[in-house]
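This report refers to the structure that appears directly beneath it.
The values are calculated or read from the model by the stated rules, or taken from the named source; none is laboratory data. These numbers come from a predicted model, not from an experiment. Here the Cβ is made from the backbone with ideal geometry for all residues, glycine too, and neighbour counts use every protein chain on show.
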Amino acid sequence: MRYNIKTISKKFNIIKISLYKSFPWYEELIGHSVVGYTNNIGNIHNINIETIHQKEGYGSKLLQYSEDILKEKNKDLSHIRLTCCEPINGSLKYFYNKNGYICENPNCEYDNYDDGVNLNHVTPMIKKI
């Protein structure tokens, strides 16, 4: 595996991290994340693993690496926030729980978002560092 880190915005401290699986003859993009930080708060704006590679552990590896990059770039980081957006019967929130994130709101309240195809639950989540 190989990670590629690219600064998207120095002004807003936004970084794109790409995860590749290496083969002798080519590299395959497994997924990417977009992270940023302000003051002592880290934000994971987006994390995506290609559908054919989901449930293979790459999501947790990319999430952990993204957190490590945020900690490296901002030594005063106290917590990381993200927004979990998933279909009503999805398992993404459980993925984030497994990786140390908890619902930011009491009683794990969420908003609904209709993307025109699915009704999604949108849940703010947080992880203390």
- Query: Would you call residue 37 outside any strand (DSSP E or B) and either hydroxyl-bearing (Ser, Thr, Tyr) or in contact with a Cys (Cβ under 8 Å, 6 or more places away or on another chain) (or both)?
  - Reply: no
- Task: Look through segment 35-68, keep the residues that are surrounded by fewer than 18 Cβ atoms within 10 Å (Cβ to Cβ) and among the hydrophobic types (A, V, I, L, M, F, W, C), and return whichever of them is nearest to residue 124 (Cα to Cα).
- Result: 41
- Report whether or not residue 110 is touching a residue at least 12 places away in the same chain (Cβ under 8 Å) and within 13 Å of the chain's Cα centre (by Cα). no
- The condition of being more than 23 Å from residue 97 (Cα to Cα), assigned to a strand (DSSP E or B) and not aliphatic (A, V, I, L, M) holds, among 75, 21, 11, only for 21
- Query: Among 98, 75, 71, which is the only one that is surrounded by fewer than 17 Cβ atoms within 10 Å (Cβ to Cβ) and closer than 21 Å to residue 18 by Cβ?
  - Reply: 71
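Within segment 78-88, can you find the residues that are of a type outside the set (A, V, I, L, M, F, W, C) and either surrounded by fewer than 16 Cβ atoms within 10 Å (Cβ to Cβ) or within 22 Å of residue 128 (Cβ to Cβ) (or both)?
Listed by number, the residues that qualify are 78, 79, 81, 83, 87.
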- Select from segment 78-113 the residues that are basic (Lys, Arg) and outside any strand (DSSP E or B) and write down the one among them that is farthest from residue 127 (Cα to Cα). 93
- Pairs returned, first residue in segment 42-66 that is charged (D, E, K, R) and modelled with pLDDT of 95 or more, second residue that is buried (at least 17 other Cβ atoms within 10 Å of the Cβ) and not in a helix (DSSP H, G or I), beta-carbon separation under 8 angstrom, 6 or more apart or interchain, are 50/30; 50/31; 61/19
- Note on the structure: Counting only residues in segment 104-129 that are touching a Pro at 6+ places or on another chain (Cβ under 7 Å) and either of a type in the set (Ser, Thr, Tyr) or at pLDDT 90 or above (or both), the one nearest to residue 41 (Cα to Cα) is identified as 104
